[in-house]
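Colleague: Sharing a structure here in structure tokens format.
The values are calculated or read from the model by the stated rules, or taken from the named source; none is laboratory data. Just so it is clear, the model here is predicted, and its values are computed rather than measured. Here the Cβ positions follow ideal geometry from the backbone for every residue, glycine too, while neighbour counts run over all protein chains shown. The protein model used for the area step is the full one, side chains on, heavy atoms only, and it has no ligands, DNA or RNA in it. Shrake-Rupley method; radii C 1.70, N 1.55, O 1.52, S 1.80 Å.
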Amino acid sequence: MRNQVFRTVTMIGVLIILSAVSARAQGGAGFRVTVPFDFIVSAKTFPAGEYIVTRSTRGSAEGLRIQARDGKNGAYVMTMPVAARDIQSQTKAVFRRYDNQYFLSQVWISGRATGREMVKPDRQRSLEHELARRSKAETIALVGRPN
């Protein structure tokens with residue numbers, strides 16, 4: 001009887017530890033990316049610099065936390081899942097450039113075929129639409145480093 005209780009308690013402990021490790025692996029510790037230009041995300045302009053990007057949830061909504069390394073600028077951004085044809089070989093932040101304005105568009109984590117795409121507020125969507133009429137869009141991907 002005592003052995004059975006011990007085994008049960010041990011098994012529960014192992015399951016709790018494995019669940020915590022799995023949750024951390026799925027959420028990830030985020031990544032750092034150096035952005036050499038000012039950029040817009042969620043209708044907010046961020047200055048060029050080093051940023052930490054981490055996955056975050058608020059209630060049932062998934063998003064990303066983007067925080068300047070110096071702590072001065074940051075935002076929580078709503079996202080939606082996006083799929084790629086292949087598993088990504090690099091962690092990266094993808095930007096769309098129109099003229100001299102850059103918009104954070106997607107975030108990809110190496111080893112996965114899914115990423116996160118920014119949900120754009122109406123103001124940002126209309127600005128991008130206007131800029132797209134005047135100039136051709138260019139995609140820029142910046143490789144991230146472990147946080």
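Colleague: Non-local amide H neighbours of ASP38 (under 5 Å, H modeled in plane, Pro and chain starts lacking H): which ones?
Modeller: Under 5 Å from the amide H of ASP38: ALA48.
Colleague: Below 13 angstrom from the Cβ of VAL77, what's the summed charge of the other residues (Lys, Arg +1; Asp, Glu -1)? Show your work: numbers first, answer last.
Modeller: On the way: positive: LYS44, ARG55, ARG58, ARG65, ARG116, LYS120; negative: GLU62, GLU117.
Every neighbour counted, the sum reads +4.
Colleague: Next up: If you roll a 1.4 Å probe over the range 48-147 with all protein chains in place, what percent of the accessible area is carbon or sulfur?
Modeller: After summing per-atom areas, the C and S share lands at 47 percent.
Colleague: Also, I was wondering about something else. Kindly report, to the nearest 10 Å², the accessible surface of ASP122 as traced by a 1.4 Å probe over protein heavy atoms only.
Modeller: 120
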